[in-house]
Amino acid sequence: MKLRLSLLIVALLLGPGALAAQVVPGSPLALAHGVAREGAARYRDPPVNVDGRYVVISLDEHMLHLMEDERVIWSAVVGTGTGTRLEGAGQKWDFSTPRGMFRIQLKEKDPVWRVPDWAFIERGEEIPPLEDPRRREPGMLGTTAIYLEEDIAVHGTNNPELLGQPVSHGCIRMTNEAVRRLYHEVEIGTPVIIY
């Protein structure tokens, strides 16, 4: 298990395609690296052996899988980062969903979005001070948010028709019903693998 987990970490750090010529299609390393199993239309196997409960998110398939050991308990369609870039106010942003291994840091019901500078730049608005009330938008993250990092969360959406494709600024979007279910199925510290 530790070897498979270490290989996944190396593959994730090197990025998509870096080891593609050296892996066997369908192997855990290949799946983590984006090399599909020959003839496979959908992801079916977890990319690593992890004991207990964990979450696997496939960016290519736009799917979230809740796992118990190596068994899929439940799956849901997600929306992921568009990969677009933005520059403004002396800053640069990349709106890709990060790949790697994470742990759930915080779970929040009725989250309030803390509007970042890039959102104002996209809207063509002046960037307000941090304490400005325009920096808080209730409802933009749906009914529930599960944070993997300060700026990356699995959260609900008010536009479920957009799921199943790159649509976000890096977060993982789900239907409000699906993210509420996930909220109750995972704990703080639950591993999350995004590949």
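The values are calculated or read from the model by the stated rules, or taken from the named source; none is laboratory data. Keep in mind that what you see is a predicted model, and the values were worked out from it rather than measured. Cβ atoms come from the backbone with ideal geometry, glycine included; neighbour counts cover every protein chain shown.
Quick notes on this one:
- Qualifying residue in the range 123-136 (condition: in a strand (DSSP E or B) and either out of contact with any strand residue (DSSP E or B) (no Cβ under 7 Å at 6 or more places or on another chain) or among the aromatic types (Phe, Trp, Tyr) (or both)): no
- Residue identified as at pLDDT 95 or above and out of contact with any Asp or Glu (no Cβ under 9 Å at 6 or more places or on another chain) among Pro133, Pro98, Pro138: Pro133
- Residues satisfying the stated conditions in the range 153-185, i.e. touching a Pro at 6+ places or on another chain (Cβ under 7 Å) and surrounded by 21 or more Cβ atoms within 10 Å (Cβ to Cβ): His155
- Within the range 76-122, considering residues that are part of a loop (DSSP other than H, G, I, E, B) and among the charged types (D, E, K, R), the one farthest from Ile152 (Cα to Cα): Asp110
- Selection of the range 76-127 for residues being in contact with a Phe, Trp or Tyr (Cβ under 9 Å, 6 or more places away or on another chain) and charged (D, E, K, R) yields Arg85, Glu87, Arg99, Lys107, Glu108, Lys109, Asp117, Glu126.
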